[in-house]
Amino acid sequence: MQSAVADNLLHDASSNLETLIFCSQTLRSKVQRDFEELPSEAFRPLRDSLNNLLRKFHKGPPKVRTQISIAVAALAVYVPAEDWGDGGIVNWLRDEMNVHPEYIPAFLELLTVLPEEVFNYKIAARPERRRQFEKELTSQIEIALNILTACLNINELKEQVLEAFASWLRLKHGIPGSVLASHPLVLTALSSLNSEILSEASVNVISELIHYTAAGSYSGVPAHMPLIQVIVPQVMSLKAQLRDSSKDEEDVKAIARLFADMGDSYVELIATGSDESMLIVHALLEVASHPEYDIASMTFNFWHSLQVNLTKRDSYISFGNETSIEAERKRRLQVFRPAYESLVSLVSFRVQYPQDHQDLSYEDLKEFKQTRYAVADVLIDAASVLGGDPTLKILYTKLFEAVGRFKNDEQSEWRPAEAALFCIRAISNYVSVVEAEVMPQVMELLSELTQHPQLLQTVCLMIGAYSKWLDAASRGPSILPSVLQILMSGMGKSEDTAAAAALALRHICDDCRKKLCGFLDGLFHIYHGALNGEGSFKVSPEDSLHLVEALSMVITELPPDHAKRYLEALCLPVVTPLQEIVNQGPEVLNKKPARELTVHIDRFAYIFRYVYHPEAVADAIQRLWPIFKGIFDLRAWDMRTMESLCRACKYAVRTSGRFMGITIGAMLEEIQCLYQQHHQPCFLYLSSEVIKIFGSDPSCANYLKSLIEALFVHTTRLLTTIQEFTARPDIADDCFLLASRCIRYCPQLFIPSPVFPSIVDCSMIGITVQHREASNSILTFLSDIFDLANSGKGEQYLPIRDAVIIPRGVIITRILVASLTGALPSSRLETVTYTLLALTRAYRGQAVEWAKESVSLIPLTAVTEIERSRFLKALSEAASGGDINALTVPIDELSDVCRRNRTVQEIVQGALRPFELNNTLVS
């Protein structure tokens, strides 16, 4: 109906531009999505009507003409060549152009969009038909290029002809390089490169030709060598224009793009280091040196690909033995060394803060930071080729010069020094920890660079990046005090410098933890100052967690008796404010904003996570338990506080393990009771951690069994409909994560228990929940059940599992098939597929029969017999132990076919009815 109205208005001479654009878009959408709904006899009238519209709008408006062209192309995707008649759409087009030369511009547009529609998945065609369409077009490339060659004679259409040629080249099929090398279309595009006005269409053609010659594989390149030998000299002749100041910037950008395309496409040839390839490398260095970042950065991908090629062993396999491989590798690295040394100098200045950086908008600042990250990646590529130490030397020269300028003019010249330090930080992982020539000098300079906040921030981050070097440096103990002094000044300068200093301290305490045991009193001074907000410290609560982590890692290195004492000192500034809040009584504790509690509780989570002294942590949690219990009892209604508290308890359980003693029993009793009143998902999450640690411990069996049953019984009462799953996705997610943990760590408690059948029933209700994590947890739980035979402990429980799954097998399979075919988003396809294949491997022929029963419900209008049988064949092969990866294509195709448009999806879901099914109780 919609399409008929749109068609009429397009034919109506009185329609205005807005109406024409809207109607042409409507018509295009209807053909793309809903063509299959039309009766077969409607094809010819529709084709003729679209053809008439194409002629009517042959002079524009361009937007309308393009939409109609796409509609005709979409029609061709649906209709096989034999049904289209005239030998298929390309032959038909040729005939139309011969008979009606006055409409050539419109037909050229159609010829341009045709190959593009092969990859347009808005068209709801079946996968098999899409593949056929691609083959049809490929077989007609020669005809298409003949049409385009004939149109070259019409001078005003040259640009349009070349755009159409570029479009056909994207199909990357079939024309030998030797044919293209002398083809009129190629020669026309190449000759345009040297004309005064650089044609955008020519650049697109040359770009596509470059990709075309590299398509397939390295072995495919020799076949295209005649074409490469024509293209490369022509592009190389443009090099001088990169520096021509009279050139329009868009032209320079177009030339740079061609060089970048050559680099990316021919990287394997270039990596051989031949004289010819070095000419391309020098041209790419020229592009990299361009003042405009947008132009220079076009080469960044090439430098990375070249680095990978030069450093990875796979590139040298053809050289045979190890000696030859190593010799060739060294030769190539030597050849490219000067290029990468130049590159370091060419890109490092780009990370410098602009003069007006304080006035930059949020978006501009974000863009500048992205530039810095991109340059850092290029420096890493250079360090991979040159080695970190030689790269460091180049960057140190820049730092030394910048520091000289900085000393002379403090206010304006901090930026070059900051840029050099940023670059030195970027390559930290590539500088050897024993480097003794440059790094000591860098470290000595740092104390002179702490005046400006931005510079101090980078100084702190650089110190953190070289924490491994600081640990290994022979002068380590004498360097560390001065480094800690810089970090302390960072914590007092600004919030940003404090954040950088706290992060750096965490890295240093991680890597230099043994050396820092002697500095603990000084570290505690920093720690107390930052946590209590004493003095000038500006460390935010979030960043203070880095300090907690830092000291925790040093304490881990202490002997147990020392560790216990320092752990108490670490807990003291955290527990004191928390104790004060609890002491103020229930009313105050209840009214406190969550943030005032979680800021302290989160610090406990870090202490329990990073102080690896199981007995000391168990002792600490036992002493703290009354405070934790008080918060549990009074704040169980508050999700944020409970999540924070459960996270702290989780890490205490993980670190202390069996040393938890009676505290674990008290903790489980607490959450079991509170879960039934407040339904906090984090109680389930904490239980998962307990199951992981204690699941196989026989002495814990009774209280774990009681915990599991209580939690699952209550959850299955909460989640009785898909609507409840949608309303409580976090509970569903954590419930089925817990169920999966039970299968892995305590199947002896879970599978024989009376809650097992009801949790399976509950999973069937929730499979189709749209929430991604909840849906994935349910599907993972089901596949864990189906894969039970694969786990050592699980095999003995197969009879119990089968007694639960087999009566439900038909319904589970049908819900999974419905999920594949539209009940869940296509992004969930991989997980659903794995679950279905796991079910099939577990129940073999029986599962294939269940699937057959499900797909037979789908009407043939939606899924053909061939598509059904392909799907069932894949399942049969899975049942016989076939490779799962090879079976996903037919399953993906069934999904694709059933989702091809809304109407089909509704037919399929209406036939499978998953939302009614999953509420069916199994007796």
| query | Taking region 434-460 as the search range and keeping residues that are among the aliphatic types (A, V, I, L, M) and in a loop (DSSP other than H, G, I, E, B), which one is nearest to Thr397 (Cα to Cα)? | reply | Val438
| If a residue has to be at pLDDT 80 or above and either surrounded by 15 or more Cβ atoms within 10 Å (Cβ to Cβ) or hydroxyl-bearing (Ser, Thr, Tyr) (or both) to count, how many in region 37-49 make the cut? | 4
| Among the residues of region 146-162, is there at least one that is touching a Lys or Arg at 6+ places or on another chain (Cβ under 6 Å) and either touching a residue at least 40 places away in the same chain (Cβ under 8 Å) or closer than 28 Å to Lys247 by Cα (or both)? | yes
| request: Give Ala594, Ala648 a once-over and let me know the one that is open to solvent by less than 10 Å² (accessible area, probe 1.4 Å) and of a type in the set (Gly, Ala, Ser). | output: Ala648
| task | Could you tell me whether Ala283 is within 24 Å of His183 (Cβ to Cβ) and assigned by the TED database to the domain that holds Val203? | result | no
| said: Quick check on region 765-774. Is at least one of its residues within 23 Å of Pro698 (Cα to Cα) and assigned to a helix (DSSP H, G or I)? | reply: no
| Test for Ala862: is it open to solvent by less than 50 Å² (accessible area, probe 1.4 Å) and part of a helix (DSSP H, G or I) | no
| request: Report those helices (runs of 4 or more DSSP H) wholly inside region 629-723 carrying at least 2 residues which are free of Cβ contacts under 8 Å to residues at least 60 places away in the same chain and in contact with a Lys or Arg (Cβ under 6 Å, 6 or more places away or on another chain). | output: 639-656, 681-694
| query | Which is in a helix (DSSP H, G or I), modelled with pLDDT of 90 or more and under 20 Å from Met236 (Cβ atoms), of Leu180, Leu209? | reply | Leu209
| query | Given the conditions (1) open to solvent by 10 Å² or more (accessible area, probe 1.4 Å); (2) modelled with pLDDT of 85 or more, which single one is not true for Phe165? | reply | (1)
| note | Picked from region 30-48 (must be touching a Leu at 6+ places or on another chain (Cβ under 8 Å) and of a type in the set (A, V, I, L, M)), the residue farthest from Glu96 (Cα to Cα) is Leu38
| said: If the requirement is being touching a residue at least 12 places away in the same chain (Cβ under 8 Å), touching a Ser or Thr at 6+ places or on another chain (Cβ under 6 Å) and surrounded by fewer than 21 Cβ atoms within 10 Å (Cβ to Cβ), which of these qualifies: His100, His173? | reply: His173
| Answer from Gly695, Gly665, Gly661 - the residue that is at pLDDT below 90, farther than 23 Å from Ser777 by Cβ and open to solvent by less than 30 Å² (accessible area, probe 1.4 Å) | Gly665
| region 826-859, subset among the aliphatic types (A, V, I, L, M) and in a loop (DSSP other than H, G, I, E, B), residue least open to solvent (accessible area, probe 1.4 Å) | Ile858
| query | Do we have Arg913 as open to solvent by 50 Å² or more (accessible area, probe 1.4 Å) and on the phi > 0 side of the Ramachandran plot here? | reply | yes
| query | Quick one: in region 725-734, which of the residues that are of a type in the set (A, V, I, L, M, F, W, C) and within 27 Å of the chain's Cα centre (by Cα) is surrounded by the most Cβ atoms within 10 Å (Cβ to Cβ)? | reply | Ala732
| Applying the selection to region 603-628, what residues are free of Cβ contacts under 8 Å to residues at least 60 places away in the same chain and either under 25 Å from His678 (Cα atoms) or hydroxyl-bearing (Ser, Thr, Tyr) (or both)? | Phe604, Ala605, Tyr612, Ile621, Gln622, Leu624, Trp625, Pro626, Ile627, Phe628
| Is there any pair linking a residue in region 843-861 that is under 12 Å from Val810 (Cβ atoms) and among the charged types (D, E, K, R) to one that is open to solvent by less than 70 Å² (accessible area, probe 1.4 Å) and assigned to a helix (DSSP H, G or I), with Cβ under 7 Å and at least six apart or on different chains, and which? | Lys852/Leu872; Glu853/Val810
| field | Condition check for Gln32: within 43 Å of the chain's Cα centre (by Cα), in contact (Cβ under 8 Å) with a residue 60 or more places away in the chain and in a helix (DSSP H, G or I) | value | yes
| said: Step by step: first the residues of region 529-559, then only those that are touching an Asp or Glu at 6+ places or on another chain (Cβ under 7 Å) and either among the basic types (Lys, Arg) or in a helix (DSSP H, G or I) (or both), then the one that is least open to solvent (accessible area, probe 1.4 Å). Which residue is that? | reply: Met553
| query | Could you give every pair whose Cβ atoms fall below 6 Å, whose first residue belongs to region 788-804 and is surrounded by 15 or more Cβ atoms within 10 Å (Cβ to Cβ), and whose second residue is assigned to a loop (DSSP other than H, G, I, E, B), counting only separations of at least 6 or pairs across chains? | reply | Tyr797/Ile751; Ile800/Ile751; Ile800/Pro752
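The values are calculated or read from the model by the stated rules, or taken from the named source; none is laboratory data. Keep in mind the model is a prediction, meaning the values are calculated, not measured. Heads up, the Cβs are rebuilt from the backbone with ideal geometry, glycines too, and the neighbour counts pull from every protein chain shown. What goes into the accessible areas is simple: the full protein's heavy atoms, side chains included, and nothing from ligands, DNA or RNA. Shrake-Rupley method; radii C 1.70, N 1.55, O 1.52, S 1.80 Å.
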